[in-house]
1. Please name all residue pairs, on different chains or six or more residues apart, with Cβ atoms under 6 Å, provided the first residue is in region 244-264 and is in contact (Cβ under 8 Å) with a residue 40 or more places away in the chain and within 16 Å of ligand 2 (Cβ to nearest atom) and the second residue is aliphatic (A, V, I, L, M) and in a helix (DSSP H, G or I).
2. Answer yes if at least one residue in region 94-101 is in contact with a strand residue (DSSP E or B) (Cβ under 8 Å, 6 or more places away or on another chain) and surrounded by 13 or more Cβ atoms within 10 Å (Cβ to Cβ), and no otherwise.
3. Looking only at region 192-203, count every residue that is in contact (Cβ under 8 Å) with a residue 12 or more places away in the chain and near ligand 2 (Cβ under 10 Å from one of its atoms) and tell me the total.
4. Within the group Ala254, Ala338, Ala247, which residue is among the small types (Gly, Ala, Ser), surrounded by 11 or more Cβ atoms within 10 Å (Cβ to Cβ), more than 30 Å from Asp2 (Cβ to Cβ) and more than 16 Å from ligand 1 (Cβ to nearest atom)?
5. Checking Thr271 against (1) touching a residue at least 12 places away in the same chain (Cβ under 8 Å); (2) over 17 Å from Arg20 (Cα atoms), which single condition isn't satisfied?
6. Would you be able to tell me the number of residues in region 314-340 that are small (Gly, Ala, Ser) and within 34 Å of the chain's Cα centre (by Cα)?
7. Tell me the residue from Glu149, Glu185 that is over 30 Å from Leu4 (Cβ atoms), within 16 Å of ligand 2 (Cβ to nearest atom) and among the acidic types (Asp, Glu), please.
8. Hey, can you tell me all the residues within region 249-264 that are touching a His at 6+ places or on another chain (Cβ under 9 Å) and assigned to a helix (DSSP H, G or I)?
Amino acid sequence: MDDLKYGTRNKRGDWAPNGRIEIAPFWSWPPKIPSVLKWVPEYIWPWNAFHMATALLYWFYVVPDVEVMKTLSWGWALWLYAVNAAAIFAFYGSIELFFYVKRKQGNRFKYNVKFPSEQPSDVFWFKSQNIDNFLRSFFLSIPLWTLVEVLFLWVFANGLVPWLSWSNHPYYLAFLVAVAPMIHEVHFFIIHRLIHWGPFYRWIHSVHHNSVNPSPWSSLSMHPVEGFLYHAVALWHLVIPSNPIVALFQLHIAGFGAVNGHIGFDKLEITEETPLDTHAYAHYLHHKYFEVNYGGDGLIPLDRWFGTWHDGTKEGDVQMQTRFAKKRERMNAKTVRANN
Ligand SMILES: [Zn+2]
Ligand SMILES: [Zn+2]
């Protein structure tokens, strides 16, 4: 495909999409019904449908019997870890393999022209972004994902919180499924904003930001505190009346869905005519500029409400630079005051 029909490439070779990142259309007033109707299938397909499909596969083929889950044990916890790790290895790994190792798409639709393997850096374990990101994902973040999973399954199995059935509460549970991606966005925005606060940033979140040019393995490359808080979004289903399948869906939006912001390509060319939108640009800009786009790509436009939204346009860039300049002024004024 010709990526220059969809965007532009600068002198360095970095590609950027034309147009702006649009927030979900139901936020516009007066409501634009046709755009909402067009948006609904994009909301479901393919990403959220995929997370629901994996949640159902888990529930019917992976998650042990309720009787087993009443007692905490290493047996079923390790089994869940093994499946989570294998699933991520297959899912993230195949994107890495085709687009980063074999580079079947070259750098078409790639935001940053360079590939992480071409840029060794001291900030990474073994000076390699790939090895560092891989080890952190598999030996820190996926175990913490599994910990959250074991925790809520055990609580549900023991009847410590309400377990609503699909036959008695079909509409309420369908509604919960529909808003789960929004719960994710709010939860992520709050924890993410928190760990961007100076001391927490240096201690916790800088680990994730070492990958300025992320690839799929960067998605779950986190400090353990972040790894736990990030997946803990599923624990909201112990607070609101819910069902373990919805909690699993919520967990998969986090675990599997983390890849979306880190694919590094705007579109994946599935075939010559079928591009798959990755929705990666908003979070790519976060990795590039740090203090913009703390949330996702505008499902709940928290960044817009808090003044940290970068929509990928020139105007978005100017707004960001103005905000950064004001911040620098404030910091300088503070230093002058402190020195007097
Ligand atoms: Zn990230
Ligand atoms: Zn961040």
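Where a number appears in this text, it was derived from the coordinates with a stated rule and is not lab data. Please read all numbers here as calculations on a predicted model, not as lab measurements. All Cβ positions, glycine included, derive from the backbone under ideal geometry; neighbour counts span all protein chains shown.
1. From region 244-264, the pairs are Ala254/Val233.
2. Yes, there is a match, as at least one residue in region 94-101 is in contact with a strand residue (DSSP E or B) (Cβ under 8 Å, 6 or more places away or on another chain) and surrounded by 13 or more Cβ atoms within 10 Å (Cβ to Cβ).
3. Residues that pass the stated criteria total 4.
4. After applying the criteria, what remains is Ala247.
5. Looking at each condition in turn, Thr271 falls short on (1).
6. Residues flagged as small (Gly, Ala, Ser) and within 34 Å of the chain's Cα centre (by Cα) within region 314-340 amount to 2.
7. Testing whether each residue is over 30 Å from Leu4 (Cβ atoms), within 16 Å of ligand 2 (Cβ to nearest atom) and among the acidic types (Asp, Glu) leaves just Glu185.
8. Result: Phe249, Gln250, Leu251, His252, Ile253, Ala254, Gly255, Gly257, Asn260, Gly261, His262.
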